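**Student:** Before anything else, here's the structure in question.
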Amino acid sequence: MFGLVDCNNFYASCERAFNPSLNGKPVVVLSNNDGCVIARSNEAKVIGIKMGVPAFHIKELVHTHNVKVFSSNYALYGDMSVRVMSILTEQVPEIEIYSTDEAFILLEGIRNLTNVGTNIVNKVTQGTGIPVSLGIAPTKTLAKIANKFAKKYPAYDKVCIIDTEEKRIRALQLTEITDVWGIGKKQASKLGQQGVKTAYDFTQISGTWVRKNMTVVGERTWKELKGISCIDMEKAPPPKKQICTSRSFGKMIEYFDPMAEAVATFASACARKLRQQNAYAMSLMIFIHTNNFREDLPQYWRNTIVKLPIPTADTLEIVHYALEGLKNIFISGFQYKKAGVIITEITEVAQLGLFDTINRAKRERLMQAIDKINGNYACHIKLAIQGVVQEWRLKQEQLSHCYTTDINEIITINCK
DNA sequence: TCTGGGGTCCTAGGACCC
DNA sequence: TCTGGGGTCCTAGGACCC
């Protein structure tokens, strides 16, 4: 059996874990640049704040209901995620970390699934302060559905198990097709034309139709819903095939210098991510564009690919080539809103060059030292070109403390 | 005034090869 | 009048996920 552990309202719960005065109050977390809503506590859902709405649309709701609003604090959420996952790892023989706030677990040969499941859920909440729900079923797709039931209905007490045909069919009948893992907007509307409204309806249409109209991907979902497991556990996360760092700016950029700061910063972040998976970049893509929401302003979209002579994970080199690329596409006279760097070709082996002039052993030691000082999130050490003021930086007006990753921001307790 | 970011997988179609 | 067939590789774009 597969289990799916999902943290409830993860980002909002992280904010609460270190700030209990938020309990019982509506809490929302905003995307980068305080743009739109990406997490909501149950109280915030009840008063009608929808996922993904721009922050400025909910101003009134925030005011009338005294909603607590936070900028996203990825250092905090990332670290809390590590804590949740490490507790899970201790509990089960096999775990697949599916996203920051979700993990599949393997539950084989267990007699009392309810007890074991409840125990897992309680351990995580006790150890981290994050409430979680667990869905258990014979396939991953069904486990996802079971998890939704565990969340939605308090009677399940955080653990829902689909272990009989009756329960499977009942669950599918109560699940709208749009709520099925793997069925997005497009497929849902295609299925709607076939009269499919629920997950159960979907399992009743012919396999050949599904294969023909929804490719192997749709067919896999169709089988999984029927109880035939097609998606296995992935023990180790496969190495990334692409690494990307991009941001919208807090303030539009007009000139080359601040754009160079931003691109250097993104390239440097990519290099750090590369080294974390012991890989090397073979080529980079650099892109810049204006704000496409501003129809009143002239628009410009451009990207360029730079091939690297020798595969590298060296920040200095990657930044150098990223800036070369930027020079090729940057034109003044536009208000730029966003830029990014994508490592498009990644290799695990560094093929050295015959005419290489860089002392790579030395540079590797330098990178190791920088990574050690900076850790996973901080930027204590950076290149001068990344800038000091960084006026293009994210807007983060409601940022909470990095309670778990910054010694200056740990929680303090007054004992009077 | 203000609309996120980082990924994966699959398919179709073109280029190219013998 | 007559104009092959089979294969691989790459890329762009679509769809999906959290």
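**Student:** Scan A:Lys197, A:Lys226, A:Lys185 and give me the residue that is within 30 Å of A:Ile343 (Cβ to Cβ) and basic (Lys, Arg).
**Tutor:** Details: A:Lys197 fails: within 30 Å of A:Ile343 (Cβ to Cβ); A:Lys226 fails: within 30 Å of A:Ile343 (Cβ to Cβ).
Checking each option against the conditions leaves just A:Lys185.
Condition check ((1) assigned to a helix (DSSP H, G or I); (2) over 27 Å from the mean Cα position of the chain (by Cα); (3) surrounded by 15 or more Cβ atoms within 10 Å (Cβ to Cβ)) across all residues:
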| site | (1), (2), (3) |
| --- | --- |
| A:Gln299 | no, yes, no |
| A:Thr304 | no, no, yes |
| A:Leu308 | no, yes, yes |
| A:Glu317 | yes, yes, yes |
| A:His320 | yes, yes, yes |
| A:Glu324 | yes, yes, no |
| A:Lys327 | yes, yes, no |
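**Student:** Within the range A:87-139, can you find the residues that are acidic (Asp, Glu), away from DNA strand B (no atom under 16 Å from the Cβ) and touching a residue at least 40 places away in the same chain (Cβ under 8 Å)? Quick ask: steps written out before the conclusion?
**Tutor:** Initial filter on the range A:87-139 (acidic (Asp, Glu)): A:90, A:94, A:96, A:101-102, A:108.
Next cut, away from DNA strand B (no atom under 16 Å from the Cβ) only: A:90, A:94, A:108.
Of everything in the range A:87-139, those that are acidic (Asp, Glu), away from DNA strand B (no atom under 16 Å from the Cβ) and touching a residue at least 40 places away in the same chain (Cβ under 8 Å) turn out to be A:Glu94, A:Glu108.
**Student:** Here's another thing I want to ask about it. Working carefully through the options A:Glu295, A:Glu219, A:Glu234, find the one that is open to solvent by 10 Å² or more (accessible area, probe 1.4 Å), charged (D, E, K, R), part of a loop (DSSP other than H, G, I, E, B) and within 16 Å of DNA strand C (Cβ to nearest atom).
**Tutor:** Values: A:Glu295 fails: within 16 Å of DNA strand C (Cβ to nearest atom); A:Glu219 fails: part of a loop (DSSP other than H, G, I, E, B).
Just one listed residue meets the conditions, A:Glu234.
**Student:** Within the range A:140-190, how many residues turn out to be without any contact (Cβ under 8 Å) to a residue 12 or more places away in the chain, in a loop (DSSP other than H, G, I, E, B) and within 15 Å of DNA strand C (Cβ to nearest atom)?
**Tutor:** So the answer is 1.
**Student:** I'd like the full set of residues that are crowded, with 16+ Cβ neighbours inside 10 Å and away from DNA strand B (no atom under 12 Å from the Cβ), limited to the range A:63-81.
**Tutor:** Correct list: A:His65, A:Val67, A:Lys68, A:Val69, A:Phe70, A:Asn73, A:Ala75, A:Leu76, A:Asp79, A:Met80, A:Ser81.
**Student:** Output yes when any residue across the range A:402-409 is over 25 Å from A:Ser248 (Cβ atoms), among the aromatic types (Phe, Trp, Tyr) and open to solvent by less than 100 Å² (accessible area, probe 1.4 Å), and no when none is. Show your work before the answer.
**Tutor:** Pass one, the range A:402-409, residues over 25 Å from A:Ser248 (Cβ atoms): A:403-404, A:407-409.
Remaining after also requiring among the aromatic types (Phe, Trp, Tyr): A:403.
Checking the rest, the ones that are also open to solvent by less than 100 Å² (accessible area, probe 1.4 Å) come to A:403.
Yes; the residues of the range A:402-409 include at least one that is over 25 Å from A:Ser248 (Cβ atoms), among the aromatic types (Phe, Trp, Tyr) and open to solvent by less than 100 Å² (accessible area, probe 1.4 Å).
**Student:** Does A:Lys25 satisfy the condition of being more than 13 Å from DNA strand C (Cβ to nearest atom), part of a loop (DSSP other than H, G, I, E, B) and either open to solvent by 40 Å² or more (accessible area, probe 1.4 Å) or at pLDDT 95 or above (or both)? It would help to see each step written out before you state the result.
**Tutor:** On the way: more than 13 Å from DNA strand C (Cβ to nearest atom): yes; part of a loop (DSSP other than H, G, I, E, B): yes; either open to solvent by 40 Å² or more (accessible area, probe 1.4 Å) or at pLDDT 95 or above (or both): yes.
Taking the combined requirement at face value, the residue satisfies it.
**Student:** Same structure again: Could you tell me how many of the residues in the range A:82-124 are assigned to a helix (DSSP H, G or I), within 16 Å of DNA strand C (Cβ to nearest atom) and either open to solvent by 30 Å² or more (accessible area, probe 1.4 Å) or at pLDDT below 95 (or both)?
**Tutor:** 1
**Student:** Could you figure out which of (1) near DNA strand B (Cβ under 8 Å from one of its atoms); (2) of a type outside the set (Lys, Arg); (3) part of a helix (DSSP H, G or I) isn't true of A:Cys244?
**Tutor:** (3)
**Student:** Of the numbered conditions (1) touching a helix residue (DSSP H, G or I) at 6+ places or on another chain (Cβ under 9 Å); (2) surrounded by fewer than 17 Cβ atoms within 10 Å (Cβ to Cβ), A:Tyr336 fails exactly one; give the number of that condition.
**Tutor:** A:Tyr336 satisfies every listed condition except (2).
**Student:** Shifting gears a bit: Could you please find all residues in the range A:142-187 being surrounded by fewer than 17 Cβ atoms within 10 Å (Cβ to Cβ) and among the small types (Gly, Ala, Ser)? Explain how you work it out, then say what you get.
**Tutor:** Step one: filter the range A:142-187 for residues surrounded by fewer than 17 Cβ atoms within 10 Å (Cβ to Cβ), giving A:152-155, A:157, A:163-167, A:169-170, A:173-174, A:176, A:178-179, A:184-186.
Of everything in the range A:142-187, those that are surrounded by fewer than 17 Cβ atoms within 10 Å (Cβ to Cβ) and among the small types (Gly, Ala, Ser) turn out to be A:Ala155, A:Gly184.
The values are calculated or read from the model by the stated rules, or taken from the named source; none is laboratory data. Small disclaimer: the values here were computed from a predicted structure and weren't measured. All Cβ positions, even for glycine, are placed from backbone atoms using ideal geometry, and neighbour counts span all protein chains on display. Please note that ligands, DNA and RNA were not included when accessible areas were found on the heavy atoms of the full protein model with its side chains. Shrake-Rupley method; radii C 1.70, N 1.55, O 1.52, S 1.80 Å.
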